[in-house]
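> First, the structure itself, so that you have it in front of you.
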Amino acid sequence: MLEEVERWLVRRSWSVADRPLDQLVAAKRAAGRGTSVSVVLPALNEEATVGEIVSVIRRELMTEAVPLVDELVVVDSGSTDRTSEVAARAGARVVHRDAILPRIPAVPGKGEVLWRSLLVTGGDIVCFVDADLKEFSADFVSGIVGPLLTDPDVQFVKAMYDRPLTGAPGQGGRPGGAEQGGRVTELVARPLLNLHWPQLAGFVQPLGGEYAARRSLLERLPFPVGYGVELGLLVDALHTVGLDALAQVDVGVRLHRHQDGQALGRMAAAIYRTAQLRLSRGHLVRPALTQFERGEGGFVPRTHAVDTEERPPMAEIAEYAARHLRNGHGGTTGRRNTGAA
């Protein structure tokens, strides 16, 4: 298995510099009308950062000279700040989560927003980017879209990067220091993947929120509604199209807001649950997590439900099928590859 991962790392791990923008634009033009790119930003109270991300993408990837991105959509999942206003002013199309597929009541969670975004975007390639990134670079988009434009065998691409723990003593939030983010990755996701899906051990940032995939794959995958969505999509993509259709691209440094310890605990529980479901398709004994906060009289327990819901593959939703028929797209349900372990 180690040799297989090492071979994959050589064949399917790249740097953003390996595919310059002019090469990507030429590849997209050569592919013709059948290759369009949608970028989706799931957003919840991100007024401080979402505008700059939208502006950079529009300025560098949506021009006459560089028409790499065809559609830029911010899906607001219930912000109480000015996220929608800032995003729209910067040039994004803003859609509110609850306005998408109202027949199915929305539930809180990032995965819920990503799943619904498939209904309001049209790109053959869909690129997800978190809306809390600071000092955003267009490399985050061009890097992960690149392999999908230049290699027809690649279907799912994750970004990899340094994640400096901003504000750590002596680090200044810059790369190269010992203090790194991604604590749930190192303590939960990476051990789970190495133990149960060792073919995925080569992914540097398996939980990263920046990844792109072909719509024809995404519409066939179930979406965990919450924090488990990244791990769930990665594992299910492996079982659906096989390891060689997965790839990763180094895009440099990711700066963003870090969660506190209790939020990380809830994230870890959801990720463990997502893995458990895929291992056994069984039931949790207790789908809840109790944490503690110090109050005036001592430690106070706070119990949180662990996300236990998943949305079905979008290809099974009647409204999605009808939309594609209206737009002249045929079915893309494809056959599952059961050879991956």
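> Can you tell me which lysines have their Cα less than 27 Å from the Cα of LYS28? Leave out same-chain residues fewer than eight positions away.
Counting by Cα, and skipping residues close in sequence, LYS28 has these lysines nearby: LYS158.
> Please report, in debye to the nearest 20, how large the charge dipole of the range 1-128 is about its Cα centre when each Lys and Arg carries +1 at its beta carbon and each Asp and Glu carries -1 there.
340 debye
> Of LEU149, LEU187, HIS304, which is farthest along the charge dipole of the range 2-326 in the positive direction, counting Lys and Arg as +1 and Asp and Glu as -1 at C-beta?
HIS304
> Next up: What's the extension gain from SER13 to VAL253 if we count 0.36 nm per residue and subtract their Cα-Cα distance?
Full-extension gain reported as 84.8 nm.
> Can you tell me the order of 92-99, 58-65 when each peptide is scored by its average per-residue count of other Cβ atoms within 10 angstrom, highest first?
For the peptides 92-99, 58-65, the packing ranking is 92-99, 58-65.
> Antiparallel versus total DSSP beta bridges in the chain: what percent is that, nearest 5?
Here the antiparallel bridges make up roughly 50 percent for the chain.
> For the range 2-326, take every pair of Cα atoms, bin their distances at 20 Å starting from 0, and report each bin as a whole percent.
31, 61, 8, 0
> While we're looking at this one, here's another question. Quick one: Cα centre-to-centre distance for the range 221-237 and the range 138-154, in angstrom?
20 Å
> Dipole of the chain, Cα-centred, from +1 at each Lys and Arg C-beta and -1 at each Asp and Glu C-beta, to the nearest 20 debye?
Dipole of the chain, to the nearest 20 debye: 680 debye.
> Let me ask something else. Could you calculate the FRET efficiency of ARG326 with GLN276 from 1/(1 + (r/R0)^6), where r is the beta carbon distance between them and R0 is 35 Å, rounded to 0.05?
0.35
> Quick one: length gained pulling GLN262 to GLU64 fully straight, 0.36 nm per residue minus the C-alpha distance?
Value of the extension gain: 66.7 nm.
> Using Cα-only point scatterers and the Debye equation, what is log10 of I(q)/I(0) for the range 1-144 at each q in 0.11, 0.19 Å⁻¹, rounded to two decimals?
Rounded to two decimals, the profile gives -0.47, -1.10.
> Compute, for the range 58-149, the length of the dipole vector about the Cα centre, with Cβ point charges of +1 (Lys, Arg) and -1 (Asp, Glu) only. Units Debye, rounded to 20.
Here the size comes out at about 260 debye.
> Go through 45-55, 195-205, 4-14 and give me the packing order, highest mean Cβ count within 10 Å leading.
Highest to lowest by the protection proxy: 45-55, 195-205, 4-14.
> Over the chain, what is the mean sequence separation of C-alpha contacts under 8 Å (at least six apart), divided by residue count, expressed as relative contact order in percent?
20 percent
Coordinate-derived values only; no laboratory data. Keep in mind that this is a model prediction, so the values were computed, not measured. A quick note on method: Cβ atoms are made from the backbone with ideal geometry, for glycine too, and the neighbour counts reach across all protein chains shown.
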